Structures are given as C-alpha cells and as structure tokens.
Amino acid sequence: MKKAVLGGAAVATLLAALFAPEDEGSIVGPATATPRQVERVAPAPIAAATATPQTNRALAIEPRRGLDDEEAASLFAKQSWQPETPKKIMLDQQAAQAALPAARVDANAPPPLPFQFLGRFVDEGKAAYFLQAGERNVVARPGDTLEERYRFDGVVQGALQFTYLPLNQKQTLAVGDLN
C-alpha cells in the first residue's frame, strides 16, 4: 500500500515538472536598493496671530500634577466585570444574620421541617411524593410516618402538610403547583 502511494506521488511530481509553464521572468532576483529623489517641502507656517485667547489657553501645556495617596493606590487595584462570588455573598449574609438580635425561641414550637420537595408521581390514582431529608431521598404517601417524628397528612391548598408528632402540631411545606 505504501509503495503504491509513494509511486503515485512520484508520478504526480514528474508530470507537474514536465507540464510546468516555462516562464523565465517569474523568478525574483535579490532586492536592490535604488536611491529616490525626495522633494523637500517646508512646513506651512502656523498662524498664531489669528488664534483667540481661548484657543491659546486650551492648547497651553499644563505642568504635571502629582497623585494623592488614594489615586496612587487605585492605579493597580484589581478590577473585574465578574459579579462577586457566591461564597462572598453567603459570608456577607451570614454576618448580617449574626448581627441581628437573637429572637426568642418558643419552646413549644416544632423545629423547621427537614424535608425538601423533589417531585410527585401518580400511579393508578395514588400519589407518591418524593422528598429529600438531609442526604436521603424519601418516598411519602398520605398517612406515612417519616423519620419517626413526622406524619405526612397529604396535600392542602398546594402545600404538603405534616404533623410533628412529639408536639402534635401541623406544619406545611409550600411546593407551588403540583401539576
């Protein structure tokens, strides 16, 4: 295979050499410097007498002023079009939360729901709701007990309703449209 390719390339080169145009003038010789006659023209005179005093002040050269410390410090400051990093924003929000006065915690209030809504599945008219509790995924149906402290009661006005069993208090998880 390689011999056929090499042979074809050799034949193509030979044919190109035989049928190349015989143009003796196409070879470019070395460059030679030729002196040129340059006609010297005097620059046009500037009409300073016709300039107005305003023009003279606008064209006047001002002495260089020094930079103050603030301007000098900002010359090489890091500048970016990118928005602040989410980590910095989160740290700012946490600092703002820490600055707020601590709210009194009601001893009779249930803890916040540990669940996040992931989705819903309907099979033969029975709905199952997919929830996330920490790093675990949970499938809940009305009447199920979750994490030994919550009972899933069902859907009420577009929100999942739970009962916190130790205090027998209702809690809802807003999920939006369940279509």
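The values are calculated or read from the model by the stated rules, or taken from the named source; none is laboratory data. Everything numeric in this text was worked out from a predicted model, so none of it was measured. We work out accessible area using only protein heavy atoms, side chains counted, and drop any ligands, DNA or RNA first. Shrake-Rupley method; radii C 1.70, N 1.55, O 1.52, S 1.80 Å.
Solvent-accessible area of Glu62, all protein chains in place: 140 Å² (probe radius 1.4 Å, heavy atoms, ligands and nucleic acids excluded). Taking amide H as placed 1.01 Å from N in the peptide plane, the amide H of Arg120 sits under 5 Å from that of Phe130, each at least 5 places away or on another chain.
Using a probe radius of 1.4 angstrom, the carbon and sulfur fraction of the accessible surface of segment 107-155 is 46%.
Amide H contacts for Val138 (H built 1.01 Å from N in the peptide plane; partners 5 or more residues away or on another chain; cut-off under 5 Å): Leu131, Gln132, Ala133. Backbone geometry of segment 157-173 corresponds, through the Karplus equation with coefficients 6.51, -1.76 and 1.60 at θ = phi - 60°, to 3J(HN,Hα) couplings of 6, x, 10, 7, 10, 10, 10, 7, 5, x, 10, 6, 10, 7, 9, 10, 10 Hz, x marking Gly and Pro.
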